[in-house]
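A.B. asks: Quick one: the structure is below, and I'll ask about it shortly.
None of the figures in this text is laboratory data; all of them are computed from the coordinates on show. The model shown is predicted, which means the values in this text are computed figures rather than measured ones. Glycine gets a Cβ as well: all are built from the backbone with ideal geometry, and neighbour counts include every protein chain shown.
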Amino acid sequence: MMRKLGNALLCAVFVCVTVQAQKEYRTGRLLKVSDESYVSPGSAGKTAYLLHIRDGSNDYLALYNVNFLFSHDRSKQLRPDSDIQYRISGKSLFVKIEESKEIKGRLCEKVQMAGSPAVKCGGAVFLGNDAE
């Protein structure tokens, strides 16, 4: 009985430490914010921004989709060539903005498509200058 209680306590401590570690922010440089909005025929389209963040030798790309239903367009708070605080959790990148709020973006990866550089964010693929 005592052994099970000890194991349960150890697991609880491990979970708390893991959750706390996911909330630790790092400082990076927001290099570029690219407007990747589009309009689909017959629908309202989507407003999205591709964020390019550099932290030392690491480059991160994330796609921030604006949610107009809840009026959450916080893109004006993203200033290129500025230091920002960010964290990564799973496949998401969170950027800390004013009032201790966050902008959530989907992590992207650089890929090659037909010999050209591209950025893949889930099912979306971006070509051109934004992929470099």
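A.B. asks: Decide, for the stretch 25-131, between rounded, prolate and oblate: order the square roots of the alpha carbon gyration tensor eigenvalues as a ≥ b ≥ c, take rounded if a/c falls under 1.5, and otherwise choose prolate if a/b is larger than b/c, else oblate.
C.D. replies: Details: a/c = 1.87, a/b = 1.09, b/c = 1.71.
Note, shape of the stretch 25-131 comes out oblate.
A.B. asks: OK, next. In the neighborhood of L107, defined by Cβ-to-Cβ distances under 13 Å, what is the net charge if each Lys or Arg adds +1 and each Asp or Glu adds -1?
C.D. replies: Details: positive: R87, K91, K104, R106, K110, K120; negative: D59, E109.
That works out to +4.
A.B. asks: Hey, another quick one. Working out 0.36 nm times the residue gap between S116 and N129, then minus their Cα-Cα distance, what length gain in nm do you get to one decimal?
C.D. replies: Stretched out fully, the S116 to N129 stretch lengthens by 3.6 nm.
A.B. asks: Report the FRET efficiency, 1/(1 + (r/R0)^6), for K76 and S37, where r is their Cβ-Cβ distance and R0 is 22 Å, rounded to 0.05.
C.D. replies: It comes out at approximately 0.95.
A.B. asks: Go ahead and run the numbers for FRET between Q85 and S57, Cβ-Cβ distance against an R0 of 22 Å, rounding to 0.05.
C.D. replies: 0.75
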